[in-house]
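Single-structure report; data block below.
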Amino acid sequence: MHSIAIDGPAGAGKSTIAKRVAKELGFIYVDTGAMYRAMALYFLRHGISGEDEEGVSEACDAIAVSLEYENGEQQVLLNGENVNALIRTEEVSMMTSDTSKYRVVREKLLSLQRELAKKKDVIMDGRDIGTCVLPEADLKVYLTASSSERARRRYKELQEKGTVCDFEKIEQDIIARDEQDMNREVSPLRQAEDAVLVDASDMAIEEVTEKIVTLYQDRQL
């Protein structure tokens, strides 16, 4: 089986790019962030604070996260409920950042992610794919963009959904999440030593997709 790992900060376009690369190469796309978001949604629904590590740890036993694919699109199931449409809010984003730092949360999903990679050609995106989940990936990419560009994209996405939002607040949240993700004790966000750095600040989606597909194909020659 072959695998591609894409890591990088929030809002860098990892999921969008990974989906396109998966389609180009005929790989299965695994959005690991969505799995953590599903767990965060559970904690929110049950009134568990992101600072309550003990409460989060105890709740993990009651959580089942699984993936299904419909027409090539990943569907995330939380205890059997499809939560794809519920896990992209800012509240869930911040809870995800607060709770994904805990070892018990990461271990809960790590085995599932690795099992997927044993059975299929996969492209996974997240914060620690190249450094922790798939250290032997055929290609590792660290995809990033400036905080202002990431905030601009998020602002545009929310506006298109009709959500009232504040650009400066979005950028502040992104910077805060970067800080938290990079400095957490368990599996911090960092570029793997053998990862290729791709800065997408001034690149179109098609350009980034083409670059990663080419990087992978070059590795297979």
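The values are calculated or read from the model by the stated rules, or taken from the named source; none is laboratory data. Only a predicted model underlies this, so the values are computations on that prediction, with no experimental measurement involved. In this analysis, Cβ positions are derived from the backbone assuming ideal geometry, glycine residues included, and neighbour counts consider all displayed protein chains.
When the residues of region 133-158 are filtered to those that are within 25 Å of R103 (Cβ to Cβ) and assigned to a strand (DSSP E or B), the one that is farthest from the chain's Cα centre (by Cα) is K140. Scan region 80-109 residue by residue and report those that are assigned to a loop (DSSP other than H, G, I, E, B) and in contact (Cβ under 8 Å) with a residue 12 or more places away in the chain. The answer is G80, V83, I87, R88, S100, K101, Y102.
Residue-wise test of (1) surrounded by 19 or more Cβ atoms within 10 Å (Cβ to Cβ); (2) in contact with a Leu (Cβ under 9 Å, 6 or more places away or on another chain); (3) modelled with pLDDT under 90; (4) over 20 Å from E51 (Cα atoms).
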{"residue": "A85", "(1), (2), (3), (4)": "no, no, no, yes"}
{"residue": "T99", "(1), (2), (3), (4)": "yes, no, no, no"}
{"residue": "E107", "(1), (2), (3), (4)": "no, no, no, no"}
{"residue": "K118", "(1), (2), (3), (4)": "no, no, no, yes"}
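Scanning region 188-205 for residues that are farther than 15 Å from A5 by Cα and either under 20 Å from the mean Cα position of the chain (by Cα) or of a type outside the set (D, E) (or both) turns up P188, D199, A200, S201, M203, A204, I205.
Does R177 count as part of a helix (DSSP H, G or I) and within 21 Å of K19 (Cβ to Cβ)? Considered against the rule, which asks whether it is part of a helix (DSSP H, G or I) and within 21 Å of K19 (Cβ to Cβ), R177 comes out as no. Pairs meeting the criteria (first residue in region 41-65 and closer than 16 Å to E91 by Cα, second residue modelled with pLDDT of 95 or more and among the acidic types (D, E), beta carbons under 9 Å, at least 6 apart or on different chains) are F43/D52; I48/E58. Filtered by the rule that a residue be more than 21 Å from I123 (Cα to Cα) and of a type in the set (A, V, I, L, M, F, W, C), region 54-82 gives V56, A59, C60, A62, I63, A64, L78.
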